[in-house]
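All remarks here apply to the structure that follows.
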Amino acid sequence: MASLKAIIAMAIFSAVVFFGMNAVGLQDKHNEPLFALAGAIVLLIALVINVTLYLKIAGEAPFKWFND
């Protein structure tokens, strides 16, 4: 259940990033080098935040495959 909550949180955060990038207009300016670099940095930071969200919310539960 913790994994599902983490995936939902990641989806919500990713949607916010997606709509934020579209609100700024990065889809129209991706041919300009500075906007392309800014978009790449935003996506990289969003990836790191998504992984952090997953690990903070789900914890160690998804990694416990065997009951010892």
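Every read-out reported here was derived from the displayed coordinates using simple, explicitly stated rules and does not represent laboratory data. These numbers come from a predicted model, not from an experiment. As a convention, Cβ positions derive from the backbone with ideal geometry for all residues, glycine included, and neighbour counts pool all protein chains shown.
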Check off (1) surrounded by fewer than 10 Cβ atoms within 10 Å (Cβ to Cβ); (2) of a type outside the set (G, A, S); (3) part of a helix (DSSP H, G or I) for N31 and give me the number that stays unchecked.
(3)
Scan region 42-54 and report the pairs whose first residue is within 13 Å of F18 (Cα to Cα) and whose second residue is surrounded by 11 or more Cβ atoms within 10 Å (Cβ to Cβ) and of a type in the set (V, I, T), with Cβ atoms within less than 6 Å and a gap of 6+ or a chain change.
A46/V17
